[in-house]
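Here's the structure, in structure tokens; my notes come after.
The values are calculated or read from the model by the stated rules, or taken from the named source; none is laboratory data. Every value quoted in this text rests on a predicted model; they were computed, and no experiment measured them. Because the Cβ atoms are built from the backbone with ideal geometry, glycine has one as well, and the counts that use them run over all protein chains shown. Surface accessibility is based on the protein's heavy atoms, side chains included, excluding ligands, DNA and RNA. Shrake-Rupley method; radii C 1.70, N 1.55, O 1.52, S 1.80 Å.
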Amino acid sequence: MKLTISLDILEEAFYYVSPMKPVSTVPLIYATFLIEKSQVAYTIDNKPKFIRKIERLFKAAFHEIIQENQAYSEILDQDQLLPLEEHLAQQSQLIESVKAAIQKYPELNLIRLELAGSWPVFQTEAGHLDFTE
């Protein structure tokens with residue numbers, strides 16, 4: 001069975017989104033796992049999620065991801081101008097840190113990572129988002 005979780009590094013939160021991945025206006029990372037039926041629990045709404053033991057492992061990995069990428073998260077949150085190369089380098093580092101943190105736990109069988117939502121890759125001063133307007 002496959003289970004997808006969205007990682008929101010700006011809000012420092014994650015959400016189960018299987019089987020439908022919602023469209024997002026914020027930068028998200030979708031992580032898809034191949035899991036055994038014994039690793040699945042269901043919510044009151046009959047939505048799949050990790051059992052507690054596996055979810056604790058994921059939370060530990062997620063905490064590490066948040067800590068390692070705090071600087072880039074702040075850049076994204078403040079919509080700071082960065083050169084294209086810097087955004088791509090930061091995104092690459094973020095993806096590698098997600099893979100590394102999750103793969104520390106053999107019970108978390110990561111099979112796919114996706115960037116979703118609004119990830120800046122090119123922006124001039126005129127393209128800067130002013131959230132006060």
Sulfur and carbon atoms: percent of accessible area, the chain [1.4 Å]: 53 percent
Pairwise FRET efficiency - VAL121 versus LYS2, Cβ, R0 = 25 Å, nearest 0.05: 0.35
Where the Cα pairs of region 28-133 fall when distances are cut into 10 Å bins, in %: 13, 38, 27, 17, 5, 0
Whole-angstrom gap from region 75-120 to region 40-68, using each part's C-alpha centre: 19 Å
Relative contact order %, region 1-108, counting alpha carbon pairs below 8 Å whose residues are six or more apart: 25 percent
Total charge dipole magnitude, region 1-116, about the Cα centre, Cβ charges on Lys, Arg, Asp, Glu only, Debye to nearest 20: 880 debye
Taking region 58-127 and dividing mean pair separation by its residue count, relative contact order in percent (alpha carbons under 8 Å, at least six apart): 46 percent
Additional length obtainable on full extension of the chain from GLU74 to GLU96, 0.36 nm per residue less Cα span: 6.1 nm
Solvent accessible area, Å² - VAL17, 1.4 Å probe, full protein context: 10 Å²
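Per residue of the chain, what 222 nm ellipticity follows from adding -39500 (n - 2.57) for every DSSP H run with n ≥ 4, rounded to the nearest 500? Could the numbers behind the result be given before it?
Values: 3 runs with 45 residues, N = 133.
Using -39500 (n - 2.57) per qualifying helix, the result is -11000 deg cm²/dmol.
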Selected from GLN93, VAL17, SER118, residue furthest toward positive end of dipole (the chain; charges at beta carbon): VAL17
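Whole number in Å², please: accessible area per residue of region 1-79, 1.4 Å probe, ligands, DNA and RNA not counted.
Accessible area per residue, region 1-79: 58 Å².
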Candidate lysines - alpha carbon under 18 Å from LYS49, same-chain residues fewer than 8 apart omitted: LYS2, LYS21, LYS37, LYS59
Among ILE75, ASN46, PHE58 - extreme Cα towards positive end, dipole of the chain, charges at beta-carbon: ASN46
Cα long-axis angle, helix 52-68 against the chain (0 to 90 degrees, to the nearest 10): 20 degrees
